Amino acid sequence: MVAYKSKVVEQINLPSRERREQALEDAGYNVFNLAAEAVFIDLLTDSGTGAMSDAQWAALVRGDESYAGSRSFDDLEAAVEEVMGVSNVVPTHQGRGAENVLYGAVVSDGDVVLNNTHFDTTRAHVANQGAEPVDCPVASAHDPTADEPFKGNFSLEAARAVVDDVGAERVPLVVQTITNNSAAGQPVSVENTRDLAAFADEIDATFVIDACRFAENAAFVARREAEFADAEVADIALEQLGYADALVMSGKKDGLVNAGGFVATDDEALFERCKQRAILYEGFPTYGGMAGRDVAAMAVGLREAVEEAYLTDRLEQVRRLATMLEDAGVPIYTPAGGHAVYLDAGTTFSHLPPEAFPGQAMVCALYREGGVRGVELGSFAFPDTDRPELVRLAIPRRTYHTEHLEHVVETAAAVLEESESIPGLEIVSDSAVPELRHFTAELEPLSS
Ligand code: F0G
């Protein structure tokens with residue numbers, strides 16, 4: 001059921017096929033280099049790309065821009081306490097700012113950090129502290145067809161094996177990312193969070209939840225975890241987040257804003273350390289690199305994010321896209337995640353080996369065919385891993401309508417139809433930072 005009507009609109013255009021071909025070539029077959037104006041339906045990310053509500057725009061006007069003691073910060077503190085159950089908040093400019101503040105305070109050289117799956121920026125911040133990021137996904141996480149409710153879960157078994165190997169004293173931090181973005185946006189059960197909190201306690205590690213998509217995760221729990229069948233989503237979120245020692249948050253996702261993030265913790269000593277780092281890297285701890293108006297809008301957004309009507313609309317829209325794609329015969333990762341549908345490019349482009357980047361070939365074909373922008377999350381983004389060749393179509397919150405999704409499905413179906421004639425790609429200009437190559441590297445189609 002649609003829970004909104006439009007109050008402000010933005011015009012979008014589908015450039016001619018000729019212009020799309022040219023734009024792709026000029027972009028070095030890397031869609032991060034495309035001008036957004038040349039994109040018709042932009043599913044590159046769900047981060048900071050959603051539409052704010054009228055209540056958020058109203059809050060924006062009332063934002064308090066005071067350097068210290070801003071009223072908008074009080075609003076944010078109250079919202080975080082109410083929605084996430086944590087009383088101390090350190091605002092930051094976005095999620096990775098929060099990661100820098102928090103991980104810099106708890107991780108040091110030689111440490112090992114465990115995560116169900118590190119998101120790119122999380123991995124980079126852990127590595128930046130001289131520590132080793134280790135992923136502990138469950139076995140089904142990278143299986144595009146396994147029919148399980150919580151493929152985003154943290155494997156306690158994998159975590160125990162690492163701790164047995166390196167020793168508990170080297171593992172000061174355990175992170176659970178909900179939903180698990182790098183595992184196709186799959187949810188994490190509350191039971192898994194509870195067990196992981198106990199494990200972190202056992203090895204005397206700080207337990208952090210990366211709460212970027214905490215509300216979507218809670219909505220999945222309400223629908224899939226028997227213990228919570230009758231629970232309110234807002235209560236589920238409070239319980240799940242309540243197991244963590246600290247939260248790291250990108251407001252650009254379930255904060256329903258275009259900028260902002262924060263660290264939240266009830267641990268007073270950790271709070272003090274984070275505040276000091278925030279002053280260094282982000283700003284005074286009552287604004288932390290955000291404009292007061294953005295802080296005010298995030299306070300409203302957090303409350304809206306746990307409203308059942310919003311979440312039903314959100315999850316249904318993603319599921320609708322997944323179902324329409326399946327009906328059109330397009331192979332996808334199932335079940336669909338919370339913020340995106342992940343196309344199984346490895347199956348669609350089975351004639352291309354990983355070194356010819358089947359996912360990136362599909363990303364380019366989607367743009368060429370219908371002006372649709374997705375992102376590759378396979379051999380191009382993650383060299384030397386055995387992850388499946390996926391293309392993420394992330395859905396910005398409260399932004400697109402069913403007609404837009406229909407266009408995406410028609411585009412994907414047309415790509416599927418001609419997939420065998422689409423060539424692979426090779427890198428012609430690499431990035432200086434190999435882990436971040438998919439943002440800037442340039443490619444060319446392989447001649448067949
Ligand atoms: N953690 C997770 C799980 C994320 O998905 C992201 C961002 C971050 C941290 C960093 O937050 O962008 O505000 O600095 N994910 C975006 C994406 C960029 O497209 O998935 P940020």
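Laboratory data are not the source of any read-out in this text; all were calculated from the coordinates shown. All values derive from a computational prediction rather than experimental measurement. Cβ sites come from the backbone with ideal geometry, for glycine too, and all protein chains shown count toward neighbours.
Taking the fewest neighbouring Cβ atoms within 10 Å as the starting point, the ordered list for K275, K5, K151, K253 is K5, K275, K151, K253.
Between I12 and D109, full extension at 0.36 nm per residue minus the direct alpha carbon distance yields a gain of 30.1 nm.
Subtracting the Cα-Cα distance from 0.36 nm times the residue separation, let me have the gained length for R194 to D235 in nm, one decimal. The partial results should precede the final answer.
Values: separation 41, 0.36 × 41 = 14.76 nm, distance 1.51 nm.
Gain on stretching R194 to D235: 13.3 nm.
Subtracting the Cα-Cα distance of E426 and A55 from their residue separation scaled by 0.36 nm leaves 128.8 nm. Taking the square roots of five times each eigenvalue of the Cα gyration tensor of the range 1-114, the equivalent ellipsoid has semi-axes of 36, 26, 13 Å, listed largest first.
Find out how many positive minus negative residues lie around L390, taking Lys and Arg as positive, Asp and Glu as negative, among other residues whose Cβ is under 9 Å from that of L390.
With Lys, Arg at +1 and Asp, Glu at -1, the neighbours total -1.
Counted over the range 164-279, the DSSP beta bridges are approximately 45% antiparallel.
Working from label points 7 Å from Cα in the Cα-to-Cβ sense, the A36 to D143 distance is 4.0 nm.
Projecting label points 7 angstrom from Cα along Cα→Cβ for V166 and E227 puts them 2.8 nm apart. Can you tell me what share of the DSSP beta bridges in the range 54-305 is antiparallel? A percent to the nearest 5 is fine. Roughly 45 percent of the DSSP beta bridges within the range 54-305 come out antiparallel. Averaging over all projection directions, the Cα-based convex hull of the chain occupies 20.4 nm² in the image plane. Take 399-406, 111-118 and order them by the average number of nearby Cβ atoms within 10 Å per residue, most first; the result is 111-118, 399-406. What whole number of Å gives the distance from the Cα centroid of the range 1-69 to the Cα centroid of the range 397-448? Taking the Cα centre of the range 1-69 as reference, the centre of the range 397-448 is 19 Å away.
Helix 233-242 and the longest principal axis of the Cα set of the chain meet at an angle near 60°. Across the options A231, V89, I209, the greatest Cα extent toward the positive end of the charge dipole of the range 54-305 (unit charges at beta carbon of Lys, Arg, Asp, Glu) belongs to V89. Highest mean packing first, where packing is the average number of other Cβ atoms within 10 Å per residue, the peptides 156-166, 218-228 line up as 218-228, 156-166.
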